[in-house]
Amino acid sequence: MEVYRLSREKFSSPLSGVGAAIKGARWNSVGIEMIYTATNRSLAIAEVAVHFSISTIPDDYVMISIFIPDDISMKKIELSELPPNWNSFPHSQSTQIFGDKFILENRYCVLQIPSTVTQGDYNLLINPNHFEFKRISIIDIRKFSFDQRLFK
């Protein structure tokens, strides 16, 4: 399967969860490494665009295409399994605890989770500490420019 990640160019390779560990995010606490990806390019764009305005869009983004083998261990999460207010903004600590548990249990390499930005789409959260992670690879990295109409 091919998944996508929109990233600042200087952080595009190699794949690591270091950036997420530095700041923490919806599904991980500070100190917990996790790689956020999307099942399609449009979702990857939306997941990043919600954090910017027209005046704050960096111009050094790249779209990363990532290959995840079909037989890699993956846990698929249903809406009923998510903590209350999982899609609230700002995110609650309960979602970080949920994601931290996925990483720390280390049972699966990938967690498929519903997107908070686009209902019906999914993010794939990758555990870079899982033994199967070495089978995941970057297919392509291409310069990316946001369409300014997204920020009108």
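Panel note: the C-alpha atoms of the chain, placed on their principal axes, show extents of 40, 34, 28 Å (largest first). For region 126-138, 3J(HN,Hα) computed residue by residue from phi via the Karplus equation (6.51, -1.76, 1.60; θ = phi - 60°) reads 9, 8, x, 9, 6, 4, 7, 3, 4, 8, 8, 9, 7 Hz, glycine and proline entered as x. The Cα center of region 94-138 and the Cα center of region 1-69 differ in position by 13 Å.
Taken over the chain, lysine pairs spaced eight or more positions apart, or on distinct chains, with alpha carbons under 26 Å apart number 15. On the beta carbon distance between N106 and R41, with R0 = 41 Å, the FRET formula returns roughly 0.90. Residue-wise HN-Hα couplings along region 71-85, as the Karplus relation 6.51 cos²θ - 1.76 cosθ + 1.60 with θ = phi - 60° gives them from phi, are 9, 6, 5, 9, 9, 9, 9, 8, 3, 5, 8, 7, x, x, 6 Hz; Gly and Pro carry x.
Where a number appears in this text, it was derived from the coordinates with a stated rule and is not lab data. Since the model is a prediction, treat every value here as computed from it, not as a measurement. Virtual Cβ from ideal backbone geometry, glycine too; neighbours counted across all protein chains shown.
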